[in-house]
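J.: The structure that follows is given in the form of structure tokens.
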Amino acid sequence: MVTVQPLDASVLCRPCDPDRFRFNTTADLEDLEEVIGQERALEAIRFGIGIQQQGYNLFALGPNGTGKYTSVHRSLSHRALGESVPDDWCYVYSFDQPHSPKALRLPAGQGAVLLQSMQQLVDELFAVIAAAYEGEEYQSQRRAIEAEVQDRQESALEEIRAESEAKEIALIRTPSGLAFAPLRDKQVIKPDEFMNLPEERRKEIESQIEELQKRLQSIIRQVPNWIREGRKRVRELNEEVAIFTVSPLFDEVKDNFDGLPHVLAYLEAVQADVVKHNHMFVDSEETGDLSPDPADTGVATSSPKRNFANRYRVNVIVGHGESEGAPIVYEQNPTYTNLIGRLEHVAHMGALLTDFTLIKSGALHQANGGYLILDARKLILQPFAWEGLKQALRAEEIRIESPGQAYGLVSTVALEPQPVPLDVKVILLGERLLYYLLHQHDPDFGELFKVAADFEDQMNRSDDNDLAYARLISTLARKESLRHLDRPAVAKVIERSARLAGDSERLSTHMQSIADLLREADYWAGEDGAEIVGGTHVRQAIKAQIRRAGRVSEQMQEAILRETIFVDTTGEKTGQINGLSVLMLGNYAFGRPNRITARVRMGKGEVIDIERQVELGGPLHSKGVLILSSYLGSRYAASRPLSLSASLVFEQSYGGVDGDSASSAELYALLSSLAEAPIKQSLAVTGSVNQHGQVQAIGGVNEKIEGFYDICFSRELTGDQGVLVPAANVKHLMLRQDVVEAVAEGNFHIYPIETIEQGIEILTGIPAGEMDEDGSFPEGTINRRIVDRLDSMAETQRDFNRPPELPAGDEQDQEEAGG
């Protein structure tokens, strides 16, 4: 008989000895500079932000709370401070293509200088141009031009008047305009007198008037040309005066941007436009600063001329005048417009208007020349945001347009700002599943995010790492302004970390959970009036966490204790065993015992999984049942038919069942039913099984043990109760102190199981039996009982399948009939 000894209490929990630490409190420790336990991820981050090639953006993957953002931001901060400050970006009016505002690139801080310079320049233009046009020299030149035009008109009229008078014809003004009339003795002849003149004379006068009329019409047709010529000369004069007046102002502004040809070209275009529209700077109703009022939209103002001057404003969408190093931007709400930028509109007289001053930058603009950090899940959930980011990264430019424009859903006339060249390193933060889904289903993802920083869930537990954990606790305490911890408190936090990792040889890297524990321990220390957090405060915080989340687990335990749910902890039953499962509610996990039963009968060698038949069993659970079926067939039916039909079920299970951790328990129940050997109900079982009968490791071993222990403790410990766990799970044990004490006192037992034979012996108290050279098992063993039962079933089945024997007379009659 193979004997498996229960585990000693010393291996059930690996404590952290506070006397190993040489500090009194965490106040004596230095801050930890890097996130511990993430060497692989940190190497990937350093590589990802260091390589300057297209497509080498970074995806930091791992569970939330493992320090992804902290690690990325800290690494970026160290590098960004040594990098140059990126340029400013401005949008200005395009005089060649008004619908396409021009993007101007200026050295860091120069965008604000250009903005202020243009505001002052426009204010001065209104003043100096108006003053120049009011000057005596300008007025005299303008009056001379106007007088010349007037004199030209008068001279032409005087010439035709003199010619007409020489022919005794007068040029007179009538309500309908100029006209000719015959004279006599320098007096206009009346119509009736004119009709009494000889016909020859009348015809002569009419001929002369007609000729003069043609001459007058010719002069009148030339008057608009003379007026236009005069206006042209006035405009030329105005432009000459404007050029002379504004050139010094523009020269002064240009001096601030010497060496920036694109800015100088813009200023030249502004100067040409000001000269061309010099009249818009005269007779203005406003003389104040051009900078907009906070309530002013920049689209419409009370003064049309001031509104016209908005075209000379500068829209600084990105300014780095006070920046140090490359920018690091974290966009918490990565919508399409928050990433790419947007064109805002204002309502004016029932219409929505926009112009280049309403262009707003996005996170890509702010991070241009630096680094942009985004939450991958939030990004994917926002409409058009993921596609907009990919398009910008592929094209290496930021093109501001609404989704309607980008996808051809809007056909109205809209601004088309010039795209801004993009040079940014994007870092996405997300879960592993999201990373692999994107890699699998989005062909662009692998091209744009070539570096993966995979964050660990756990880290090795060693003396050095324990000390590093203490420094981490010290750092968090200072950062959060918490009370410092003494050595026993630090030891309890480390033990809790190992429990969260589910491994006595590992520590959890889920820093959010550790930070929450420190905050809550600080609270209980404050309630206790303590200046230092002690071990009792950490234990109280852990207990309070479990208490807050333990309603469901307590209700399930109560249902078992009140025998609403059947779970035996004493006695023996054939084909019945206590299996153990883990339930996860939020971030709280707890164990729950389940009754598993097996029934066997004659059949064709099939094992029916009732959970699967009713579609409550998951694929992993079904796989476990198929594996134990394979073990059963290969173990006992290699040379004989497996003439049985068996059914397995989780009793009183009303939800889904998945995972293979109960496959060993189901196999034990089957073997018990076949051998008709009762199983001790004081024991519970967990562990998966392979086709060779080896018991394999499972998850949640601590919660499963404690879940069964709590039931046994509530019903009173007898000293016979315990749990069978895979031997491979011994290193994962970090049990509660009360469970360890119960084991130390011999009131509870934990058995490390390697094979099914070891487990069935402990559960039944009967040897499993080893096969001899003849292929037989010893009498009285479990295996012999099973073989005998299978042989009996096979013989019975053969008897049932054998044709019935006929009486002797019937056999003779049958032979004669056949002959």
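J.: Need one number: % antiparallel among DSSP beta bridges in the chain, to the nearest 5.
T.: Just about 60 percent of them are antiparallel.
J.: What FRET efficiency comes out for Glu779 versus Glu558 if R0 is 56 angstrom and r is the Cβ-Cβ distance? Round to the nearest 0.05.
T.: With R0 = 56 Å, the Cβ-Cβ based efficiency is 0.75.
J.: Rule-of-thumb check for segment 5-111: C-alpha Rg over 2.2 N^0.38 Å?
T.: That ratio works out to 1.95.
J.: Let me ask something else about it. Accessible area per residue for the chain in Å², computed with a 1.4 Å probe and the full protein assembly in place, what is it?
T.: Solvent-accessible surface per residue comes out at 51 Å².
J.: Starting from the exponent 0.38 and prefactor 2.2 Å, build the expected Rg for segment 101-154 from its residue count and divide its actual Cα Rg by it.
T.: Relative to the 2.2 N^0.38 Å estimate, segment 101-154 comes out at 2.01.
J.: Let me ask something else about it. Assuming R0 = 41 Å, what is the FRET efficiency of Glu572 and Arg548, from their Cβ-Cβ distance, to the nearest 0.05?
T.: 0.55
J.: Once the cut-off is 18 Å, how many percent of the Cα-Cα pairs in segment 695-736 end up in the long-distance tail?
T.: The calculated P(r) of segment 695-736 puts 29 percent of pairs beyond 18 Å.
J.: When the helix-only estimate is applied to the chain (DSSP H runs of n ≥ 4, each -39,500 (n - 2.57), divided by the residue count), what is the mean residue ellipticity at 222 nm, nearest 500 deg cm²/dmol?
T.: -15000 deg cm²/dmol
J.: Let me ask something else. Fully extended, how many nm does the chain gain between Phe244 and Leu178 (0.36 nm per residue separation, minus their Cα-Cα distance)?
T.: Separation in residues times 0.36 nm, less the Cα-Cα distance, equals 19.4 nm.
J.: Would you list, by chain and number, the lysines whose Cα falls below 28 Å from the Cα of Lys604, excluding same-chain residues fewer than 8 positions away?
T.: Within the straight-line limit of under 28 Å, Lys604 reaches these lysines: Lys573, Lys623.
J.: Taking every alpha carbon pair in segment 637-746, what does the distance histogram look like in 10 angstrom bins from 0, in percent?
T.: 12, 38, 35, 12, 3, 0
J.: Nearest 10 degrees is fine. How inclined is helix 39-50 to the longest principal axis of the chain, computing both from alpha carbons?
T.: 20
J.: Sticking with this structure for a sec: When the label point is put 7 Å from the Cα of Lys623 along its Cα-to-beta-carbon vector, which residues of segment 725-747 have a backbone N closer than 14 Å?
T.: none
J.: Averaging sequence separations of C-alpha pairs under 8 Å and six or more residues apart, then dividing by the length of segment 657-807, give the relative contact order as a whole percent.
T.: In percent, rounded to a whole number, it is 23.
J.: Oh, and also: How large is ³J(HN,Hα) for each residue in segment 682-698, as worked out from phi by the Karplus curve 6.51 cos²θ - 1.76 cosθ + 1.60 (θ = phi - 60°), to whole Hz, x for Gly and Pro?
T.: Going residue by residue, I get 7, 10, 10, 10, 9, x, 9, 10, 9, 5, 9, x, 7, 8, 10, 5, 9 Hz, with x marking Gly and Pro.
J.: Taking 0.36 nm per residue of separation and subtracting the Cα-Cα distance, what length does fully extending Val128 through Glu527 add?
T.: Extending this stretch completely gives an extra 136.3 nm.
J.: Compute and list, largest first, the equivalent-ellipsoid semi-axes of segment 373-476 from the alpha carbon gyration tensor, each √(5λ) rounded to a whole angstrom.
T.: Taking √(5λ) for each Cα gyration eigenvalue gives 40, 16, 13 Å.
J.: How much of the DSSP beta bridge set in segment 316-422 is antiparallel, as a percent to the nearest 5?
T.: Restricted to segment 316-422, the bridges split so that about 65 percent are antiparallel.
J.: If amide H atoms are built 1.01 Å from N in the plane of the peptide, which residues on other chains or at least 5 residues away come under 5 Å of the amide H of Val451?
T.: Those qualifying (amide H under 5 Å, at least 5 residues apart or on another chain) are Asn57, Phe59.
J.: Rounded to the nearest 5, what % of the DSSP beta bridges within segment 661-818 are antiparallel ones?
T.: Once the DSSP bridges in segment 661-818 are tallied, antiparallel ones form about 25 percent.
J.: Normalised by the number of residues in the chain, what is the relative contact order in percent for Cα pairs under 8 Å and 6+ residues apart?
T.: Reported relative contact order: 16 percent.
J.: Something else about it: Can you give the longest run of the chain that contains no trypsin sites (Lys or Arg not before Pro) sitting in a DSSP loop with at most 11 other Cβ atoms inside 10 Å?
T.: 187-561
J.: Further question on the same structure: Give a residue-ordered list of calculated ³J(HN,Hα) values for segment 461-477 (Karplus: 6.51 cos²θ - 1.76 cosθ + 1.60, θ = phi - 60°; whole Hz; x for Gly, Pro).
T.: Result, rounded to whole Hz: 9, 8, 4, 5, 6, 4, 5, 5, 5, 4, 5, 4, 4, 4, 5, 5, 4.
J.: Note down, for segment 50-93, the three equivalent ellipsoid semi-axes (square root of 5 times each alpha carbon gyration tensor eigenvalue), biggest first, whole angstrom.
T.: 28, 14, 13
J.: A further question on this structure: Quick one: which residues, 5 or more positions from Val426 or on another chain, have an amide H under 5 Å from its amide H? H modelled 1.01 Å from N in the peptide plane, none for Pro or chain starts.
T.: The answer is Leu58, Leu372.
J.: Which percent of the accessible heavy-atom area of the chain goes to carbon and sulfur, probe 1.4 angstrom?
T.: On the chain, the fraction of accessible area on carbon and sulfur atoms equals 48 percent.
J.: Suppose R0 equals 51 Å. What FRET efficiency, 1/(1 + (r/R0)^6) with r the Cβ-Cβ distance, do Glu136 and Arg215 give to the nearest 0.05?
T.: Taking R0 as 51 Å, the efficiency between Glu136 and Arg215 is 0.80.
J.: Separation between the Thr536 and His279 pseudo-spin-labels, each 7 Å from Cα along Cα→Cβ, expressed in nm?
T.: It is 9.2 nm.
J.: Also, quick follow-up: Ignoring ligands and nucleic acids, what accessible area does Val128 show with a 1.4 Å probe (Å², nearest 10)?
T.: Roll a 1.4 Å probe over it and Val128 shows about 50 Å².
J.: Which whole-number value in Å³ per residue fits the convex hull of the alpha carbons of the chain?
T.: 377
J.: Within 10 Å of each candidate Cβ there may be at most 12 other Cβ atoms; applying that plus a DSSP loop requirement, which GluC sites (Glu not before Pro) in segment 308-337 survive?
T.: Passing both the DSSP loop test and the Cβ count: Glu322, Glu324.
J.: Given labels modelled 7 Å from the Cα in the Cβ direction, how far is it in nm from Asp31 to Glu43?
T.: Placing both labels 7 Å beyond Cα along the Cβ direction yields 2.7 nm.
J.: Given segment 92-198, report the % of alpha carbon pairs whose separation exceeds 20 Å.
T.: 71
J.: Only Cα pairs under 8 Å and at least 6 apart count here; give the relative contact order of segment 478-567 as a rounded whole percent.
T.: Relative contact order comes out at 31 percent.
J.: If you don't mind, another one. So what is the diffusion coefficient of segment 182-254 in µm² per second by Stokes-Einstein at 25 °C and 0.890 mPa s, using a Kirkwood Rh over Cα pairs?
T.: Answer from the Stokes-Einstein relation: 143 µm²/s.
J.: Between helix 487-501 and the chain, what is the angle of the helix's C-alpha long axis to the longest principal axis, kept within 0 to 90° and rounded to the nearest 10?
T.: Approximately 90 degrees, to the nearest ten.
J.: A further question follows. With each label point set 7 Å from Cα along the Cα-Cβ vector, what nm distance links Lys254 and Gln418?
T.: Rounded to a tenth, the inter-label distance reads 1.9 nm.
The values are calculated or read from the model by the stated rules, or taken from the named source; none is laboratory data. None of these values were measured; they are calculated from a predicted model. Don't worry about glycine lacking a Cβ; one is built from the backbone with ideal geometry, like all the others, and counts go over all protein chains shown. Note: accessible area is taken over every heavy atom of the protein model, side chains too, but ligands, DNA and RNA are not part of it. Shrake-Rupley method; radii C 1.70, N 1.55, O 1.52, S 1.80 Å.
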